[in-house]
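Take a look at the structure set out below.
Read-outs: derived from the displayed coordinates by stated rules, not from any lab. No experiment lies behind these values; they were computed from the predicted model shown. With ideal geometry, Cβ positions are generated from the backbone for all residues, glycine too; neighbour counts draw on all protein chains shown.
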Amino acid sequence: MNMEKPNSKSNLSHVWESAPERSAVKDLHDSLKPREELERVGRKNLSDAALIAILLRTGTRGKNVIELARHILVEFEGLEKLAQADHTELVQHRIRGLGPIKAKELSAAMELGLRIAARTKKPFSAIRIENPAQAYKAIEPFASEQEQENFWVLLLDTKNKLIREPVEVSQGLIDSTPVHPREIFTEAIRYRAKSIILAHNHPSGDPTPSSQDLKITRRMIDAARLLDIPVRDHLIVGWSYCDPPSYISLKEHNLIDFDG
């Protein structure tokens, strides 16, 4: 997999600024219209860019509204940093199509989201992990924007619920992290986990597993059999602010036999 970090100020500008006319939602193909897509699949299944596009309503010269939303996400390196920016900071980035009025509307929507999240945040012990996407959501707040490679373990109970927040078991150098089964399973035994999910980040942004990643995973699976604490999956996290975010589940991609 060959992935390069998007550069909003150089690599993409020639694409977004080439068309001569203003581009709005109505100019998009039906399958790309964010409001129609919301009605069809529901808000929970829309990407960050599509939700932002609904708030923006229109694009600008050379960018339809989806492209403008993606541009904004790249410029702010993801939804989290975008949510922290007030309307003044949004305008200071001088993004064509994001003027003072839209900046205020977007900032207000982000503030509402932050307030709701603060008041309704679920404890990690209430989160059920049934698939790689749910595991990614649990690990992403810890793995995003790390400048070195870290390793975490997700501890699950008999109902596949997280026992606690992901436990960091190793912190490595710029691009590698040493990890040993004893660090993983000491935490699993301590919290009486019934199964675990492994996770680590690639600071390069490319989640493609290395031969060492596969070797470590097999080693953990072998140790897990002795302790009767199954390893359910291993997630490798790349850039969280891409659309969609980049991560790889070794189980989902059949790179490791977790059930054998």
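As a calculated quantity, the FRET efficiency between Ile101 and Gln212 at R0 = 45 Å, using C-beta atoms, amounts to about 0.35.
So, counting K/R as plus one and D/E as minus one, what does the shell of residues with Cβ under 13 Å around Met110 add up to?
Once all neighbours under 13 Å are counted, the net charge is -2.
Couplings 3J(HN,Hα) of region 195-210, computed from phi: 7, 9, 10, 8, 7, 8, 10, 10, x, 5, x, 8, x, 4, x, 8 Hz, in residue order, whole Hz [Karplus 6.51 cos²θ - 1.76 cosθ + 1.60, θ = phi - 60°; x for Gly and Pro].
Residue separation times 0.36 nm, minus the C-alpha to C-alpha distance between Gln171 and Gln92: what's the value?
On the way: separation 79, 0.36 × 79 = 28.44 nm, distance 3.58 nm.
Difference between extended and current length: 24.9 nm.
Computed 3J(HN,Hα) for region 156-168, one whole-Hz value per residue from the Karplus formula 6.51 cos²θ - 1.76 cosθ + 1.60 where θ = phi - 60°, is 10, 8, 5, 9, 6, 9, 5, 7, 7, 5, x, 9, 7, glycine and proline marked x.
Potential lengthening of the chain between Ala108 and Ala83 amounts to 8.1 nm, from the contour at 0.36 nm per residue minus the alpha-carbon distance. Counting neighbouring beta carbons within 10 Å and listing from fewest to most, the residues Leu235, Leu227, Leu73 come out as Leu227, Leu73, Leu235.
When only alpha carbons are used to place a centre, region 101-117 and region 131-168 end up 27 Å from one another. Using the Cα gyration tensor of region 122-236, with a ≥ b ≥ c the square roots of its eigenvalues, what is the shape: rounded (a/c below 1.5), prolate (a/b larger than b/c) or oblate (neither)? The shape class here is oblate.
Say a paramagnetic label sat at a point 7 Å from the Cα of Gln146, along Cα to Cβ; which residues of region 194-223 have their backbone N under 15 Å from it? What the label zone holds, given the 15 Å backbone N cut-off, is 197-210, 213, 217.
Given their separation in residues at 0.36 nm each and the Cα-Cα distance between them, Ile116 and Asp222 gain 33.9 nm when the chain is fully extended.
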